[in-house]
Amino acid sequence: MKVAIILPVSDSMPHLKPMIEALYESTHFPFRLIIIESGSKDGTKQYVDKLFEEKDNVEVYHTAKRGLVKAINYGIKAAGDLDIYLTQDDVIHFKMYGRDWLEDMWKVSQDSKIGVITGLGGFGISGPDFIDGLRWIGTWNAYIPRRIIKKIGLFDEEFGPGDDVDYSYRVLNAGYSLAVVDYWVHHHRLTEHGDSDNSKKITKMGKKFRKKYKLDEYNESSNNQST
């Protein structure tokens with residue numbers, strides 16, 4: 001097995017079954033599916049346990065509900081030395097043009113200059129809360145080679161949202177590139193994950209991000225030197 005697909009789930013039944021079915025139909029590249037289930041009360045726990053019994057490439061871990069980023073890091077550690085692909089419970093994968101998206105991402109990852117890979121629609125552009133115009137790759141569709149994890153480390157659990165912005169920035173700072181395969185490989189439904197307070201959270205995480213990298217101090221220093 002070359003890739004570990006990491007899937008955090010919690011009360012995910014409205015989307016989980018079609019998500020899993022689409023995943024298995026969309027790629028034939030060898031993978032281990034690592035599911036981190038946290039505190040579900042809607043039948044998700046029973047569903048993933050049954051999946052573990054039925055499929056020989058599934059691992060299931062039941063953990064306390066401590067947030068998405070902690071679940072991602074748990075999965076990365078459980079994957080051992082494998083490359084990882086991060087996805088979420090409301091993502092539908094599909095095969096287009098007869099191409100296998102996971103195999104294509106793996107091929108791109110063989111370039112030692114590449115840090116993280118995604119498909120079209122798997123990235124975002126940061127606003128001024130973080131770094132205006134910074135391109136980042138979301139954790140719903142992100143292939144990360146194990147060599148990058150060994151170099152960069154795990155995701156920063158102080159962030160959420162913004163953990164993927166932070167990780168992308170760390171990858172870029174280490175001299176690696178972000179890559180996008182040239183076709184759509186997924187659809188992120190983003191339904192129940194909506195949060196009316198998300199803009200406040202982003203502003204808060206943006207302040208944390210700028211403090212972490214001393215970005216405001218740099219700007220103040222630059223402004224003082226120019227006056």
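The values are calculated or read from the model by the stated rules, or taken from the named source; none is laboratory data. Quantities reported herein were computed from a predicted structural model and do not represent experimental measurements. Quick reminder, even Gly has a Cβ in these numbers, built from the backbone with ideal geometry, and neighbours come from all protein chains shown.
Taking the stated definitions as given, is D49 part of a helix (DSSP H, G or I), acidic (D, E) and over 22 Å from H188 (Cα atoms)? Give the derivation first.
Working: part of a helix (DSSP H, G or I): yes; acidic (D, E): yes; over 22 Å from H188 (Cα atoms): yes.
In short, yes.
Tell me which residues, restricted to region 181-218, are modelled with pLDDT under 50 and of a type in the set (S, T, N, Q).
S196
What is the one condition in (1) closer than 30 Å to M13 by Cα; (2) at pLDDT 95 or above that S112 does not satisfy?
All conditions are met except number (1).
Does region 93-106 contain any residue that is of a type outside the set (G, A, S), in contact with a His (Cβ under 9 Å, 6 or more places away or on another chain) and under 25 Å from S199 (Cα atoms)?
No, region 93-106 contains no residue that is of a type outside the set (G, A, S), in contact with a His (Cβ under 9 Å, 6 or more places away or on another chain) and under 25 Å from S199 (Cα atoms).
Tell me which of these I84 doesn't satisfy, since it passes every other one: (1) of a type in the set (A, V, I, L, M); (2) assigned to a strand (DSSP E or B); (3) more than 30 Å from I152 (Cα to Cα).
Unmet for I84, out of (1) of a type in the set (A, V, I, L, M); (2) assigned to a strand (DSSP E or B); (3) more than 30 Å from I152 (Cα to Cα): (3).
Does D42 qualify as being closer than 23 Å to L190 by Cα, assigned to a loop (DSSP other than H, G, I, E, B) and in contact with a Lys or Arg (Cβ under 8 Å, 6 or more places away or on another chain)?
Here the answer is no, as D42 does not meet what is asked.
Just the residues that are within 18 Å of R66 (Cα to Cα) and either surrounded by fewer than 18 Cβ atoms within 10 Å (Cβ to Cβ) or not aliphatic (A, V, I, L, M) (or both), please, taken from region 21-54.
E37, S38, G39, S40, K41, D42, T44, K45
Under 7 Å between Cβ atoms, which residue pairs at least 6 apart in sequence (or on different chains) link something in region 174-187 that is closer than 24 Å to D90 by Cβ with a partner that is assigned to a loop (DSSP other than H, G, I, E, B) and of a type in the set (S, T, N, Q)?
Partner pairs satisfying both residue conditions: none exist.
Residues R170, R146: which one is modelled with pLDDT of 95 or more and under 22 Å from K107 (Cβ atoms)? Show your work before the answer.
Values: R170 fails: under 22 Å from K107 (Cβ atoms).
Selected residue: R146, the only one of R170, R146 that is modelled with pLDDT of 95 or more and under 22 Å from K107 (Cβ atoms).
Residues that are surrounded by fewer than 22 Cβ atoms within 10 Å (Cβ to Cβ), at least 2 per element: which strands (runs of 3 or more DSSP E) completely within region 104-186 meet that?
123-125, 177-180
Going by the conditions given, is F29 of a type in the set (A, V, I, L, M, F, W, C) and part of a loop (DSSP other than H, G, I, E, B)?
yes
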